[in-house]
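The values are calculated or read from the model by the stated rules, or taken from the named source; none is laboratory data. Note that the coordinates shown come from a computational prediction; the quantities given were computed from them, not determined experimentally. Here Cβ is always computed from backbone atoms with ideal geometry, including for glycine, and neighbour counts include all displayed protein chains.
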Amino acid sequence: MTLPSPDGATPAMAQWFSLKAEHPEALLFFRMGDFYELFFSDAEAAAGALDIALTARGTHGDMPIPMCGVPVGAAPSYLARLIRRGFRVAVAEQTEPPRKPGKGGPKGPLARAVVRLVTPGTLTEDELLEAGRQNLLVAVAPRAGRGAASHGWGVAWIDISTGTFETASIGGERLVDLLGRLDPAEILAAGEIELGDFASRRAPATVTPQAATARKRVAETFQAASLDAFGTFSDEEAVAAAMALDYIRRSQAGRMPRLSRPHPHEDGGILGLDPATRASLDLLRTREGGSEHTLLASVGRTVTAPGSRLLAEWIAAPLTRGAAIAARQDGWCWLVQEGGVRAALRQALRGAPDIARALGRLSLGRGLPRDAASVRDGLAIARRIARALADGRTAPPALVADAASHLGEATALEARLNQALAEDLPARLEDGGVIAPGFDGELDAERALRDDSRRIIAGLQNDYAQKFGLASLKIRHHAQLGYVIEIPAAAAGRLRERSDLILRQGTASAARFSTDELVGLDRRIAEAAERAAARERLIFAALVREILDDPGPPAIAGALARLDVLQSCADLAAGGLWCRPEVTDDDAFTLTACRHPVVEAALPRSERFTPNDCVLEPAQRVMLLTGPNMAGKSTFLRQTALAVILAQAGLPVPAKAARIGVVDRLFSRVGASDDLARGRSTFMVEMTETAAILNQAGPRSLVVVDEIGRGTATLDGLAIAWSVLEAMHSTLRCRSIFATHFHELAELAESLPRLSPHTMSVREWKGQVVFQHEVVPGSARRSWGVHVARLAGVPEPVVRRAARLLAGLEKDRAVGARPLPLFSAGEARANDVGAKEAGAKDVETTQSGPDDAGLPDAVRDMLDRMNPDELTPRTALDMVYALKKLMLEES
Ligand code: ADP
């Protein structure tokens, strides 16, 4: 976007050019009275994105200046749309009050300054935020030092809408995993740092401070002498933290939101999930970006926005420490038993406001009266919940007890807010009436003065009507004229002569007069109202300070969020269909009658979900799963991965029982994800993802993969699938499920002792294939591809032709005795897989028949001539006898 040169600009436009130069990467919202106006390329971009009229205002260098504008009152919704479309917006306000005309004083445009930079990672308004989702600004700084061993990152993440502030120092390869988990709205990272799929969220031009400066700056932000006061931070963590703070300070024009003290995380303690795994599992969002049909949606029974944010965090970052997982489980299991407490808790939480976000706005001076009320109401609800929790028959477990211990805090603040805030709050502070009567004597006095004068005016209407003998006389308040006497134009004539009446305005229908008395009262009202408003602003600001200085509200907000997540789990588990998994420190893995919560919920009412067991215990830790398409393989793979995520997030699992030895990294590659947009072929993507697994998975990992090798020619694909399977079995020694359409691989069970072949059971019924969605030991004999093609509506002649071709091909393979060269006995031995007699199973697929289509000519002719739709049961039966006879004759 190129802008014209500012030379020759009018004074107002010169001001615009200089503010725009401070934020060239942002659209400039330039305040003009009741509008934000945009000019030049900003106007063109915004008019397009917002679908509003593009006009012109004045000229610059003899060319009209393109312009569009949005009303100040409606700005949040326009901002929301622009931010969602990837724009950043600099908001320039008038920083001096409007001047009264003709009073002298300074000339030229009013002073203006950018008071805020609105960027995706620095939002606070409800209109701009998703209630149930964190909105993180993430900063990334490289670890100093050379060599692969020191390769690593400092990462800091802040949600200014809630005050969350955390950091971590992580190994080099973990960055994309962490970004995947945090799903940042905006990333601060030097241009040379690879961000993979997150590159589009990088903020323009970031500055990386020196470590010493960074430590000092972070400490100063929290008025601490040293950063060490908050924990142990690596240099790179401190640098990332300072980057984030600097960016926020700049975006808020120097104001700092309320932030919790930075909390450093150790590397580890969190289940490793790479972005491909997250994408394949639809944890918080589906691949299309929706929030329906996700794991979060299927387990979420939270009733507050902070609760759903926390639940999303738990799902995004499952744990690896048994004790921490058990603590969460203890929490909700207690609520399952204590049904009464659960019901009371759920009921009370329903009304709980979003205290954290209210605090965020209040701390940036953007708080509305209702934000203060949210804190007040939240504190009252917390007290009620504390009482409900004390009603349990048994003592609450640690997590609940800890939350309960915070709930009674801030009772003094609650009482104060109760006294201070009026019952019916206006939307905005400027509307007046925020502070309750009786709270502040001075405010009451100003209000009384104002209201007395109003009462006097109301009384005057009668007096004047009598005095001037005009029953139709009214006293009205007029925006420009203040209080005036208004009478119909027809009656105005005889009053014009009176010296005690001053004509202010005459229209065709009415005349407006004032009197000295009215003018005096009007001034008194205006002045008292002005003083009352100023006093109210002062009191509100003091209240906000009291709120922000009290450590109670943030602690209570955190406790309520945790309780909401726990009651959500309890509500889910109370139905009896979700279990508390046993999470162990060994390498156990048994899921009993496990289900896929999202697929289950999406099934039509008439269909039941078939639960399946999954056993990957040490003696059979690699499951080879074969079966036709549509039989339920991907569902089974995903539900196994989801069970691990839920279990380690400390949540209930959709199974009868589950025993899971803690998984350190989970890899899921299910469902083809073409990545053509990035110029990589499906096969390249597949191999890159396979490489990631082979390079990172270990004995504590779980790998679920679907159709490795499908993206290339059969022999290539089979060879690759084979060697990957061997590597997983014998080298990585991870627990895994390997789904494949290479049925041949099942034979490896003879040489790979921990391989357990399973297949999706399929029945043929009346010539149709019926999927039972049941996982059974064994391997698929056929792929049923031709049947699936029929199901999908491929025209019948094509399906029949395919069936014939298949029969021929299968016969060829049988005749050749060695169906695929890789399976020759010699190859197998050379591969050190162990010798086995290859080819034996192929006998099963051998078809007898004299011709290359696998059927006797006579039979084929008869079948070709027949049209099933025209057969009566009787002729069909005759036909079957005839066919049978023909077959017998031929063989
Ligand atoms: P595949 O990966 O073998 O092609 P999917 O796992 O995609 O098959 O399953 C296909 C469809 O079958 C699913 O969309 C679902 O409707 C149904 N399905 C899968 N597993 C089950 C099950 N265990 N119980 C009931 N229906 C299932």
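Candidates 739, 727, 721: the one that is modelled with pLDDT of 90 or more, among the small types (Gly, Ala, Ser), on the phi < 0 side of the Ramachandran plot and crowded, with 19+ Cβ neighbours inside 10 Å is 739. Scanning the stretch 355-381 for residues that are among the polar types (S, T, N, Q) and closer than 18 Å to residue 427 by Cβ yields one hit, 374.
In the stretch 24-39, is there at least one residue being touching a strand residue (DSSP E or B) at 6+ places or on another chain (Cβ under 9 Å) and in a helix (DSSP H, G or I)? No, every residue in the stretch 24-39 fails to be touching a strand residue (DSSP E or B) at 6+ places or on another chain (Cβ under 9 Å) and in a helix (DSSP H, G or I). Between 233, 222, the distinction of being touching a Leu at 6+ places or on another chain (Cβ under 6 Å) and farther than 30 Å from residue 578 by Cβ belongs to 233 only.
Within the stretch 607-631, the set of residues being outside any strand (DSSP E or B), within 16 Å of the ligand (Cβ to nearest atom) and crowded, with 23+ Cβ neighbours inside 10 Å comprises 627, 631.
Looking at 643, 657, 692, 677 in this structure, which one is modelled with pLDDT of 95 or more and either more than 22 Å from residue 293 (Cβ to Cβ) or away from the ligand (no atom under 16 Å from the Cβ) (or both)?
Only one candidate passes the filter, namely 657.
Here residue 254 passes the criteria (1) of a type in the set (Gly, Ala, Ser); (2) closer than 24 Å to residue 145 by Cα; (3) assigned to a loop (DSSP other than H, G, I, E, B) except the one numbered (2).
Among the conditions (1) free of Cβ contacts under 8 Å to residues at least 40 places away in the same chain; (2) among the charged types (D, E, K, R); (3) surrounded by 18 or more Cβ atoms within 10 Å (Cβ to Cβ), the only one that residue 107 does not satisfy is (3).
The listed residues are 555, 561, 573, 532, and the only one of them that is over 30 Å from residue 343 (Cα atoms) and not basic (Lys, Arg) turns out to be 532.
Among the residues making up the stretch 645-660, those that are in a strand (DSSP E or B) and surrounded by fewer than 21 Cβ atoms within 10 Å (Cβ to Cβ) are 657, 659.
Give the stretch 580-606 a look and list any residue that's charged (D, E, K, R), surrounded by 18 or more Cβ atoms within 10 Å (Cβ to Cβ) and within 16 Å of the ligand (Cβ to nearest atom), or say none. Within the stretch 580-606, 595, 600 qualify.
The set of residues from the stretch 40-92 being surrounded by fewer than 17 Cβ atoms within 10 Å (Cβ to Cβ) and part of a loop (DSSP other than H, G, I, E, B) comprises 51, 52, 53, 54, 61, 62, 85, 86.
For the stretch 508-521, filtering for residues that are assigned to a helix (DSSP H, G or I) and surrounded by fewer than 19 Cβ atoms within 10 Å (Cβ to Cβ) leaves 4. The test for being within 16 Å of the ligand (Cβ to nearest atom) and either part of a helix (DSSP H, G or I) or modelled with pLDDT of 85 or more (or both) holds for residue 704. Determine which single condition residue 445 fails, assuming it passes every other condition in (1) in contact (Cβ under 8 Å) with a residue 12 or more places away in the chain; (2) surrounded by 13 or more Cβ atoms within 10 Å (Cβ to Cβ). The failed condition is (1). Quick check on this structure: which one of 138, 176, 218 is touching a residue at least 40 places away in the same chain (Cβ under 8 Å), over 30 Å from residue 691 (Cβ atoms) and not small (Gly, Ala, Ser)? After applying the criteria, what remains is 218. Taking the stretch 39-56 as the range and being within 17 Å of residue 13 (Cα to Cα), within 31 Å of the chain's Cα centre (by Cα) and not charged (D, E, K, R) as the test, only 43 passes.
From the list 460, 481, 473, the lone residue that is in contact (Cβ under 8 Å) with a residue 12 or more places away in the chain, over 26 Å from residue 551 (Cα atoms) and surrounded by fewer than 18 Cβ atoms within 10 Å (Cβ to Cβ) is 481.
Could you tell me whether any residue of the stretch 724-739 is over 28 Å from residue 583 (Cβ atoms) and within 16 Å of the ligand (Cβ to nearest atom)? For the stretch 724-739, residues over 28 Å from residue 583 (Cβ atoms) and within 16 Å of the ligand (Cβ to nearest atom): absent. Would you pick out the residues in the stretch 749-797 that are assigned to a helix (DSSP H, G or I) and either within 16 Å of the ligand (Cβ to nearest atom) or buried (at least 21 other Cβ atoms within 10 Å of the Cβ) (or both)? Within the stretch 749-797, 785, 786, 787, 788, 789, 790, 791 qualify. So which pairs qualify, if the first residue must be in the stretch 592-606 and free of Cβ contacts under 8 Å to residues at least 40 places away in the same chain, the second must be within 7 Å of the ligand (Cβ to nearest atom), the Cβ gap must be under 7 Å, and the two must be at least 6 apart or on different chains? Pairs found: 603/609.
Here the stretch 660-674 is the region considered, the condition is being away from the ligand (no atom under 16 Å from the Cβ) and at pLDDT 80 or above, and the residue that is nearest to residue 572 (Cα to Cα) is 660.
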